[in-house]
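This report concerns only the one structure given below.
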Amino acid sequence: MRAAVVQPSGALGLIDVPQPAPGPGQVLVEADVIGAGYVDVMLSRGEYRGIPGPGSVPGVEVVGRVQAAGPGAPGDLVGRRVLAMPALGGYAERVVVDVDRVLPVPQEADAAEAVALGVNALVAEIALHRAGAVAGEHVLVRGAGGGIGSLATQIASARGAEVTAVTSSAARGERLLELGATRIVDRTASTVPDQTYDVIVDTVAGPDMGRYLRLLRDNGRYVMCGGAGGAPGEDLLPTLLSEFHKSPTLVAFSLNSVTAAELLRSWQEITARWTEGLLTPVLHQRLALTDAEHALELLERGTPFGKVVLLPR
Ligand SMILES: NC(=O)c1ccc[n+]([C@@H]2O[C@H](COP(=O)([O-])OP(=O)(O)OC[C@H]3O[C@@H](n4cnc5c(N)ncnc54)[C@H](OP(=O)(O)O)[C@@H]3O)[C@@H](O)[C@H]2O)c1
């Protein structure tokens, strides 16, 4: 089968590789659509969880059909349409994945839209759930024009929150207002907003994170669920100490450590809202798997609004 493998130069090359076989508790999924995300950029640079880039196949989300079940995996999954979230290896025609990282996709659903929700909607939904965001609260989303951010904006708004979206242009701000944001902050014009917030969903981190932490109100909750802007500055922990009197909660959250039960509960909420028309998958562009390197370039430049997806056929 064909897979996009990170070359020694850091660029992706589409090459023939042996088809993997599902091991115990795993299934083999044939991809219809593959999701591309910033995490794939980090992997190709060798900046993801200490995994060397060269020789690796990026890709942590795929929508497709289960082709085979390994020992101990439920045989009735074969033939089912699923969202599969492998640890890596998604930029390929087929991928093996643990059964507890497989979620059902409605038969009639568009596969590209399902991927556009996929990991991004799960991160956004669980981040807001863990933050306990409720109607009437003020929520700020950093990286709002990105895959996770555009869904966090929609989900927070659907929960009845007032949403401030931090983004990088007026055009992106317009799109975010359509998705439910009530206020836009252009990060290229003013570094941090001038309001305070009950909840901050941060997909960026980076040197400004401490300054955003200061924007929490009393008993505010800050969920750091991404690092598109790199590592936080050295002021982060001193800031937490100086803000101690507000009883802030600072949470880091990764889907990798979410239980199968929480994944399923969250995905059911997402797909229910989607099928009711209350949640819109935001698709930036569909590219062929042969153009995977171009997808990473787009993500690295931060130009997509929403999700870039790859088509293996
Ligand atoms: N928690 C998890 O389990 C999980 C799962 C998947 C991915 N992630 C991580 O979440 C982060 C976002 O992923 P994504 O797929 O949403 O990425 P994405 O689609 O590339 O969006 C990231 C957005 O962040 C903003 N941004 C980028 N660089 C920035 C900078 N230097 N300073 C300020 N803002 C910047 C841009 O939005 P604007 O132009 O609108 O500001 C960009 O669109 C990545 O670090 C990724 O690795 C976490």
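The values are calculated or read from the model by the stated rules, or taken from the named source; none is laboratory data. Bear in mind that the values here come from a model prediction, so they are computed numbers and not experimental data. Note: ideal-geometry Cβ built from the backbone for every residue, glycine included; neighbour counts use all protein chains shown. Keep in mind that these areas ignore ligands, DNA and RNA; they rest on the heavy atoms of the full protein, side chains included. Shrake-Rupley method; radii C 1.70, N 1.55, O 1.52, S 1.80 Å.
Observations
- The long axis of helix 111-131 is offset from the longest Cα principal axis of the chain by roughly 40 degrees.
- Among Glu113, Glu300, Glu47, residue whose mean-square fluctuation peaks in a GNM of the chain (springs only between Cα atoms under 10 Å): Glu47
- Segment 162-215: trypsin sites (Lys or Arg not before Pro) in DSSP coil with no more than 12 other Cβ atoms inside 10 Å: none
- The stretch between Thr196 and Glu300 holds 34.4 nm of extra length on full extension. This uses 0.36 nm per residue minus the Cα-Cα distance.
- In Hz, Karplus ³J(HN,Hα) per residue of segment 45-53 (6.51, -1.76, 1.60; θ = phi - 60°; x = Gly, Pro): 8, x, 10, 10, 6, x, 7, x, x
- Viscosity 1.567 mPa s, temperature 4 °C, Stokes-Einstein D of the chain from Kirkwood C-alpha radius, µm²/s: 66 µm²/s
- Counting only protein heavy atoms and using a 1.4 Å probe, the accessible area of Asp291 comes to about 70 Å².
- Label-to-label distance, nm, for residues given as Glu178 and Ile51 (7 Å Cα→Cβ offset): 3.4 nm
- Rounded to the nearest 20 debye, dipole of the chain from Cβ charges on Lys, Arg, Asp, Glu: 100 debye
- Relative to the longest principal axis of the Cα atoms of the chain, the long axis of helix 260-275 lies at roughly 80 degrees.
- Heavy-atom accessible surface of segment 164-303: percent carbon and sulfur, 1.4 Å: 53 percent
- Beta bridges from DSSP with both residues in the chain: antiparallel share about 50 percent, rounded to the nearest 5.
- Placing +1 on each Lys and Arg Cβ and -1 on each Asp and Glu Cβ, with no other charges, gives segment 123-232 a dipole about its Cα centre of roughly 160 debye.
- Sorting Glu108, Glu162 by accessible area puts them as Glu108, Glu162; the probe is 1.4 Å, largest comes first, and only protein heavy atoms count.
- Computed from phi, the 3J(HN,Hα) profile of segment 25-35 under the Karplus parametrisation 6.51, -1.76, 1.60 (θ = phi - 60°) reads x, 10, 10, 9, 10, 8, 7, 9, 9, 10, x Hz, with x in place of Gly and Pro.
- The gain in end-to-end length when the Arg214 to Ala272 segment is fully stretched comes to 17.3 nm, 0.36 nm per residue minus the alpha carbon separation.
- FRET efficiency estimate (nearest 0.05) - Cβ-Cβ, Arg313 to Gln7, R0 25 angstrom: 0.60
- Amide N proximity, segment 147-164 versus Thr188 label position 7 Å along Cα-to-Cβ, cut-off under 19 Å: 147, 149-150
- With each label modelled as a point 7 angstrom along the Cα→C-beta vector, the Gln107-Ile15 pair spans 4.1 nm.
- Vicinal HN-Hα couplings computed from phi for segment 228-233 (Karplus, 6.51 cos²θ - 1.76 cosθ + 1.60; Hz; Gly/Pro x): 4, x, x, 6, x, x
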